[in-house]
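**Student:** What follows is a single structure, and I will ask about it in a moment.
The values are calculated or read from the model by the stated rules, or taken from the named source; none is laboratory data. Just so it is clear, the structure is predicted and the values come from calculations on it, not from any experiment. Glycine gets a Cβ as well: all are built from the backbone with ideal geometry, and neighbour counts include every protein chain shown.
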Amino acid sequence: MPYTTDVNSKITQFVNRAQTKLGEIASLSADKQAKGARFDSYRDQVDLGFELHSFVNALDNNWNDWTEPQIVQYIDKWTAKANLNLTPYYEHEQYNLHITFDPSSVSGLPSLSTGYIWLGDALSVANPVTISGAISLSLSGVATLTSNYVTNAHINSGAAIALSKLATVTGDRVIVSSSGGVLQASSISTTIFGYIANLTSDAQAQIDAKEPTLTKGNLSETGSSVLTITGGSNAVIGSGVTIEVSIASGSTSGYLTSTDWTTFNNKQNAITQGNLTETTSNILTITGGSNAVIGSGVSIEVQQAGASTDGYLSSVDWNIFNNKGSFHGLITDSGTTYNVAAADIGKVLNLTNTAARTVNLVAAVDATPGLIFWIKDAARTSTGAPIYVVPDGSDTFEDGGTSLVLSDDGIVAGVYSDGTSKWYLI
């Protein structure tokens, strides 16, 4: 294909400068190798030489098939890349492809159908290609992206998209997350606002009907100092609540002070209560004796009065003393043995025999208790025989003896029965 004179001149000049450049690269390579330089120190120049040589061969073989703009474009590219310093041709307006290029004023360009653009290939050759996919390009140069083309899968997980980039949401619609995790516009419904439970009327009306924002205060103790309050900060509604515990007294329930505690602690410990009772003597009447004494119990025994013991008067002694001075009769006997009958008790036996005599007492159980039987030795002298007083059967005297010997001159002795088995000497 014939070119204009200027393009032919540019081709000739480029080929000449390219051949010179290839010679320089070859000389540089030989010099570097002779000096033992590392290959990577001049590898870029060698690679450039190979590429430039390939383009020159292509220019020689194929340039008749290229258009003038293509020839000028490739030459300009390799002139800059190889630093060939060609004489500028930009003063020729019709070839000023990089600055102002009007295809209608350039002859020889092929027609380009609607929807096609020029696109450079791997050999830096412009090729007409049609626009496809989600982008359209108008004749005014405005590129348009197909609606709804960009999906969640197109956006990198680390991408940050400002809210201002989102489309305007129309009335009565909100941005919500779909089941797939994608933001989408949706009409307002109780499903969308499911987090407001049972929303059946105007939300603002329901909010207005609620209590206002709470003022929180502390729960604390005042006056007293006996409470431990845990979690009392901001625990009550309002400016705060205080608690005061009353002090316990005789008329007020409350807490025990340390002073009162010390007072109470120093008092008598709890006591064991027992009963006040009587043992053996059986002559006391104790009223209120139950739990009346401290300890397990207290018993009282009253001693019985005797010739050498102070104490209570037994009923037996009472009868004896009560019968004293009473005279029930006189019995005179001159024999040596006298058997006392029950009817004799309370009388005086007057013995007139001077020999030894024996007085056999009636059974104690048959005698009136406490009633004295008197024995008088009217005939006794200092040389007379004694009088033997003998109890009946198994009866004994108070000392356990079974015989009593009376041996004093002019003796008067008395005995009385306990009504059971013993006799007592007065």
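**Student:** Output the number of the condition that residue 392 fails; it satisfies all remaining conditions of (1) part of a loop (DSSP other than H, G, I, E, B); (2) in contact with a Gly (Cβ under 9 Å, 6 or more places away or on another chain).
**Tutor:** (2)
**Student:** When residue 402 is evaluated against the numbered criteria (1) in contact with a strand residue (DSSP E or B) (Cβ under 8 Å, 6 or more places away or on another chain); (2) surrounded by 17 or more Cβ atoms within 10 Å (Cβ to Cβ); (3) at pLDDT 90 or above, which criterion, by number, is the only one it fails?
**Tutor:** (2)
**Student:** Let me ask something additional. If I filter region 221-240 down to residues being surrounded by 14 or more Cβ atoms within 10 Å (Cβ to Cβ) and over 25 Å from the mean Cα position of the chain (by Cα), which single residue comes out as nearest to residue 253 (Cα to Cα)?
**Tutor:** Residue satisfying both the conditions and the ranking: 224.
**Student:** Residues being modelled with pLDDT under 75, outside any strand (DSSP E or B) and surrounded by 11 or more Cβ atoms within 10 Å (Cβ to Cβ): count how many of those fall in region 124-153.
**Tutor:** Number satisfying all stated conditions: 4.
**Student:** In region 393-426, what count of residues is obtained for those that are in contact with a helix residue (DSSP H, G or I) (Cβ under 7 Å, 6 or more places away or on another chain) and charged (D, E, K, R)? Write out each step before concluding.
**Tutor:** Taking region 393-426 and keeping what is in contact with a helix residue (DSSP H, G or I) (Cβ under 7 Å, 6 or more places away or on another chain), we get 395, 416-423.
Retained after the next criterion (residues that are charged (D, E, K, R)): 395, 418, 422.
Residues that pass the stated criteria total 3.
**Student:** Residues in region 257-271: is at least one loosely packed, with under 12 Cβ neighbours inside 10 Å, in contact with a Phe, Trp or Tyr (Cβ under 9 Å, 6 or more places away or on another chain), in contact (Cβ under 8 Å) with a residue 12 or more places away in the chain and assigned to a loop (DSSP other than H, G, I, E, B)? Give the steps one after another, and end with the answer.
**Tutor:** Going through region 257-271, the residues loosely packed, with under 12 Cβ neighbours inside 10 Å turn out to be 258-259, 261-271.
Retained after the next criterion (residues that are in contact with a Phe, Trp or Tyr (Cβ under 9 Å, 6 or more places away or on another chain)): none.
No.
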